[in-house]
Each structure stands twice: as C-alpha cells, then as structure tokens.
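So the structure is just underneath, and the comments pick up after that.
Every number here is computed from the coordinates shown, using simple stated rules; none is lab data. Treat the numbers as computed from the prediction; the structure is a model and nothing was measured. Using ideal geometry, Cβ is built from the backbone for each residue, glycine included, and neighbour counts are taken over all protein chains shown.
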C-alpha cells in the first residue's frame, strides 16, 4: 500500500479532511474497487491491532484465566452426555509400573511371534495403515478452483465428520463431474469410513481423467487394495504399483518402496 | 433470529463475570474431557478453552456475531479444531476420542467455527508481522492504537504532530506490505 494512500486513509478516519477532500475521497472509494478493498484491509488491521492492545482484551483474558483455574484445574471432568468421570492420572505407583512393564513385554513377544508367522500376508496392510495414519488423517487445504465447498469438505474431513465432508465433495461433483480434487477427496473420505468399494470406484474414475499434470488415481487404487488386503488384492496392488513406477506416475517413489517390501 | 445462547457472546463482549462463570460451569467440562482423552493436560484444556473464547470475542468485536446454533456445539467445534491443530504441530497422531455424536453439529456451527478459525489466522498473521517491525514503529503504533490521541502520542515521543502522523503512515505502509507479502495472505479470503 502506498504511503500517500495511507495518509489519505488516516486523514479520513481522523476527520481531518476538508469538505471538498471528503467528497472526492468518498466518490473515489465508491468507484474504485481496489481502493475500497485496500481501505477495508487497512481498517481491519487498525481495528484488530487496537483490539489486541486494548485494556478490554487484557481484562477479559484475566477473567477467563481465573475461571480456567477454577473450572479446568479443580472442576469436574464431564463427558458429552453429562456424566462425570474420573480424570486420567499419571501412573506413579511402582507396582503398577512393574505390572504394565511385564504386560508390555509379553505383548511385544506375542507381536514378534505373530509377525514371524504372518509377516507376508500382513505387511502390505501394515504399511498402508502406517501411510494412512502419517499422511491422510489430516488433509491440507488446497488452492483449487471450486474453493469454498472443497475447503469446507476438507475441514469436515479433518474434524472426522466424514458424512458432512462427503456431502460437500458430492455437491462439487454435481456441478463439475470431473473435478479431480473432489474425486480424490471423496475417495479418501470413503476410505476413512473403510468403504473400500466406493473409494476404489472414485479412485478409478480419478485415474481415468486425462490432461492432469499429475494424477494420484492409480496410487490411491493400489493403496486402497493394500489397506483392504482381501483375496487377490495384494497381487492387483503389486501390478498397479509396477505400472506407477513404469509410468513414473504420482507416488512412484512410495510405490517402489512398497513394492520392494512386498 | 439469534439463538438464546447469544447471551454468552454478549457476556464476552461485556466481560460479564457472572454469565462467564455460568459458561465455564456448563461447557468447560466437556472440552476438558475431550483434551484429556486425547493426549492433553488440564493446562492444555484451559488454554484451548480460553483461546476459543478469545477467538469468539475477537470475531464479535470486529465483525459482530449472531449465534444461530447452540453454543455447546459451536464451542466444541472451535475447540476441536484448535486441539487438532495443536496435535498436528506436536506430530501426535493418537487421536481416539473426538466423537461428536452427542452434539447437534449443524452446518451453522461448522461454518461459524470455520469463520472464527480464519479470523484467528488473520490476527496471528498481523501479530507476527507487527513483531517484524523496528522498535520505533512498534512503539509509535502501539501508542496510537491505545486510548491516546495522536497529539498525545506525538507529545510522549517528542515529535511534532505532523511528524508523528507521517511516521505512523510510514509504519502502517511497512506493516501492510509485510502482511500482504506473506504466502498465507491470499488463503485468508481477505
């Protein structure tokens, strides 16, 4: 923002303009969208910062902090329905510690034996589950076109409100049936709900889209099959992973890593 | 038509301690439960709840705020989003108890929570860019945003009124430039 423009804003806000200057400025504001937008932003910055530094802000924080001490440190722990529960406490008793250590050791031994016996059939699912929990429990906001509904869908997904997320993505697809983001996110939402069939259907549709610079459809198909790991899912997943590597498609690095381990 | 729980928004605006006490008594327990069940402490719960209420207060102060849904669903959504962000920053994936079925989470509570989130992000951006300004700009702007007139600010800093005004415009130009140059500026729907 230009200093001259800001000086005008200041003069206007401080009622320091002559009648003629005031008329001219208001006319300019009404006809010049960019100036009007800049003025709104300027006012918001001024008002926001003034609010953050205000005495009222400090006083309210102090009141809330006192109430926080009263209710959060000493108050009841209440589940949604209203019944009270005992707060979670740290385990400090050494006897408990020994008992839990023993249980943990037995658990680790059972787990190790389980992996030795069933490693080949479980590893694909394990790898996919790990990938899911590390990369797909929270989605990043995108900069795509059908902005509002896709963004709202992502927020709903991140809040684990999958039914609501689906309605947003489905609305986008009703308006634009080949919107690749909506296809991808709808597939991921079905995946989060463990509806593998529907997830696969949307990922197949996504993979069939042409003219995309980078298409993650095949990768998510293979990933879904690994997660489901039923009958011939793993062999189908392997085929797709090979295809991704051969075509150097999106996810090829991860595909190679998985294929080496399968 | 505002929801009857609008009284809590009014209480935040007026720092009405009696109604705020009622608000904490009625709603803080559920948030404490959610945070403790998801790898948080009592301090975390207190911070999240206070932070959420301050966000709502900021939105009400800056843009006005008509609550069109029950306060419990709305505050839960705001807190949940804040807590998920904290967990994401701590790279903690052990979220197990973020169940919403006991709330009537209509689209209104969802949208209002999202608006609060965007407002928060804007305020965070402003604060962080303000801290990048030089000390003299920070001091002048800080004084000018307080209760004092620009003449008084000029007097405190030993400037003439004209110079103080010019300096303020320069500082605000720097601040707005820093804010607009930030990569997240465009995502904040300004």
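Once the Cα-Cα distance is subtracted from the 0.36 nm per residue extended length, the residue A:14 to residue A:126 segment shows a gain of 33.8 nm.
What percent do you get for the relative contact order of segment B:131-188 when only Cα pairs under 8 Å and 6+ apart count?
Numbers: 28 pairs, mean separation 18.0, N = 58.
Relative contact order, segment B:131-188: 31 percent.
Report the relative contact order of segment A:134-261, percent, no decimals, based on alpha-carbon pairs under 8 angstrom and at least 6 residues apart. Reported as a whole number, the value is 14 percent. Going by alpha carbons, how many degrees (0 to 90, nearest 10) lie between the helix axis of B:161-181 and the longest principal axis of chain B? Value to nearest ten degrees: 40. Remark: the residue B:160-residue B:188 segment gains 6.3 nm on full extension, using 0.36 nm per residue and subtracting the alpha carbon distance. If R0 is taken as 35 Å, the Cβ-Cβ distance between residue B:111 and residue A:3 corresponds to a FRET efficiency of 0.40. Taken along the Cα-to-beta-carbon direction at a fixed 7 Å, the label points for residue B:136 and residue B:148 span 1.7 nm.
Normalising by the residue count of chain B, find the relative contact order in percent from Cα pairs under 8 Å and 6+ residues apart. Kindly include the intermediate steps, with their values, before the conclusion.
On the way: 144 pairs, mean separation 36.7, N = 190.
With pairs under 8 Å counted, the relative contact order is 19 percent.
Label positions at residue B:181 and residue A:175, each projected 7 Å from the Cα along the C-beta direction, are separated by 3.5 nm.
Taking 7 Å steps out from each Cα toward its Cβ at residue A:230 and residue B:91 produces label points 3.6 nm apart.
Protection proxy ranking for B:52-61, A:37-46, B:147-156, using the average of other Cβ atoms within 10 Å per residue and placing the highest first: B:52-61, A:37-46, B:147-156.
With R₀ set to 35 Å, the beta-carbon distance separating residue B:127 from residue A:253 gives a calculated FRET efficiency near 0.35.
Residue by residue through B:34-46, how many Cβ atoms from other chains fall within 10 Å of the Cβ on average? Please list the in-between numbers first.
Numbers: counts 2, 1, 5, 4, 0, 1, 1, 3, 9, 3, 1, 5, 9.
Mean shielding count: 3.
Rounded to 0.05, the FRET efficiency of the residue B:43 and residue A:243 pair, given R0 = 35 Å and the Cβ-Cβ distance, is 0.10. For the peptide B:172-179, the mean number of other protein chain Cβ atoms found within 10 angstrom of a residue's Cβ is 5.
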